[in-house]
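Take a look at the structure below.
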Amino acid sequence: MVQYSPEQLDRTFAALADPTRRDILVRLGRGTATISELAEPHGISLTGMKKHVQVLEDAQLVTTEKVGRARVCRPGPAKLEDVAAWMATYRHMVEERMDRLGELLERTKEQAP
């Protein structure tokens, strides 16, 4: 069984819960960007974008670096394997339940007159 940190998983899910932060990750998947570049398409202030980026940094999904007067963002060291492992556990559980339901329906169908 894959082990994951509940605290890290909580931070990751909290970071991914917001659509703006998910958009930031998609954008950073295409290459580095400054806070200003990230804020522009969303029409939010630099302060607002900094707060979103900070949440992503806390979850280790993004790293930032001061370059001159700009803060450059790039994907962070955290991978989404913990999320995938957590989801796989529940997917397996749901699949088992669906299999049992299918078996029950088959038995019921066979017993019907």
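The values are calculated or read from the model by the stated rules, or taken from the named source; none is laboratory data. Computed from a predicted structure; not experimentally measured. Cβ coordinates were reconstructed from backbone atoms using ideal geometry, including for glycine residues, and neighbour counts include every protein chain displayed.
Some notes on this structure:
- Some residue of segment 66-73 being in a loop (DSSP other than H, G, I, E, B) and either small (Gly, Ala, Ser) or surrounded by fewer than 14 Cβ atoms within 10 Å (Cβ to Cβ) (or both): yes
- Taken over segment 1-23, the criterion of being under 22 Å from Met93 (Cα atoms), at pLDDT below 90 and either among the basic types (Lys, Arg) or surrounded by 13 or more Cβ atoms within 10 Å (Cβ to Cβ) (or both) is satisfied by Tyr4, Leu9.
- Residue match in segment 58-65 (condition: more than 30 Å from Tyr90 (Cβ to Cβ) and either at pLDDT below 95 or surrounded by 15 or more Cβ atoms within 10 Å (Cβ to Cβ) (or both)): yes
- Filtered by the rule that a residue be part of a loop (DSSP other than H, G, I, E, B) and in contact (Cβ under 8 Å) with a residue 40 or more places away in the chain, segment 4-24 gives Tyr4, Ser5.
- Cβ pairs under 9 Å, 6+ apart, first in segment 82-104 and at pLDDT below 80, second surrounded by 10 or more Cβ atoms within 10 Å (Cβ to Cβ): Asp82/Val2; Asp82/Tyr4; Asp82/Ser5; Asp82/Gln8; Asp82/Leu9; Asp82/Thr12
- Test: residue in segment 93-104 that is closer than 29 Å to Pro6 by Cβ, within 15 Å of the chain's Cα centre (by Cα), of a type in the set (D, E, K, R) and not in a strand (DSSP E or B): no
- One residue alone among Thr47, Thr108 is out of contact with any Cys (no Cβ under 8 Å at 6 or more places or on another chain), of a type outside the set (D, E, K, R), in a helix (DSSP H, G or I) and at pLDDT 90 or above, and that residue is Thr47.
- Apart from one condition, Arg27 fits all of (1) in contact (Cβ under 8 Å) with a residue 24 or more places away in the chain; (2) closer than 24 Å to Gln8 by Cβ; the exception is (1).
- When Trp86 is tested against (1) surrounded by 14 or more Cβ atoms within 10 Å (Cβ to Cβ); (2) within 11 Å of the chain's Cα centre (by Cα), exactly one condition is not met: (2).
- Selection over segment 24-52 of residues that are in contact with a Leu (Cβ under 7 Å, 6 or more places away or on another chain) and either surrounded by 14 or more Cβ atoms within 10 Å (Cβ to Cβ) or not small (Gly, Ala, Ser) (or both) gives a count of 6.
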